[in-house]
1. So how much slack lies between VAL187 and TYR145, counting 0.36 nm per residue of separation and subtracting their Cα-Cα distance, in nm?
2. If r is the Cβ-Cβ distance from SER81 to SER34 and R0 is 25 Å, what FRET efficiency results, to the nearest 0.05?
3. Using the basic label-point model (7 angstrom from Cα toward the beta carbon), what is the ARG179 to SER153 distance in nanometres?
4. Whole Å is fine, so just give me how far the alpha carbon centre of region 47-121 lies from that of region 150-186.
5. Output ³J(HN,Hα) for region 88-102: one whole-Hz value per residue in order, computed from phi by the Karplus curve 6.51 cos²θ - 1.76 cosθ + 1.60 with θ = phi - 60°, and x for Gly and Pro.
Amino acid sequence: MRQIYSVVLSIAAFWGLSTPVWAHTGVLPATGLSDGFLHPFMGLEHSLVMLGVGLLAATQPWVVAKKIVLVFLAAMLAGASLGLYGVQFAYVETAILLSLMVIGGLLLVNQLTLSNAVITALVGGSGLMHGLAHGSEIPSTASAYAYLVGMLSATVLLHGLGLSLGKRLNRGYAKLLLRVYGIATGVLGAGLLLTA
């Protein structure tokens, strides 16, 4: 249990270096593989959702867990492709902040009353919005495909970290930490939404 708390504290310290909503405002460079890889780690709203999806998947049977992660990745890639080709959604930032509340809420209630199809749809919608924001902010001079590969790689890493940590937490009293994470994520999303 002490190792779990060490991991949680390390993640919290890392997020102390992140800045809310940086990942989608064009503040960070978006030119290639390394920028794409760093992007999810530099925006608090992105890394919270990516890790949260992994934690959420860890609460499900393995077949459903794989589906949740793959649906998010596929939806994010689809959204990024749409953004690259100029598709715009005026409320994409609002939708991203809502995704914090959705993932946080799913972890909080432990999906007791929702079907796998509903959970997967909510996760897919979150992935689509994150991808759309990423794709639309990549400059025309950038290596877009390299950037997307970097972004997807970092997202897979965060999902994997969430899955690994979630499997350890999804038992006994440690389940409380999953709900605490859900509450913190949802509250941050609501707070950023109100101040945006």
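Coordinate-derived values only; no laboratory data. Every value quoted in this text rests on a predicted model; they were computed, and no experiment measured them. We place every Cβ from the backbone using ideal geometry, glycine too, and count neighbours over all the protein chains shown.
1. The span from VAL187 to TYR145 would gain 11.7 nm if fully extended.
2. Numbers: r = 21 Å, r/R0 = 0.84.
Once rounded, the FRET efficiency stands at 0.75.
3. Distance between the two pseudo-spin positions: 3.9 nm.
4. 13 Å
5. Here the 3J(HN,Hα) series is 10, 9, 4, 10, 5, 5, 4, 5, 5, 5, 5, 5, 4, 5, 5 Hz.
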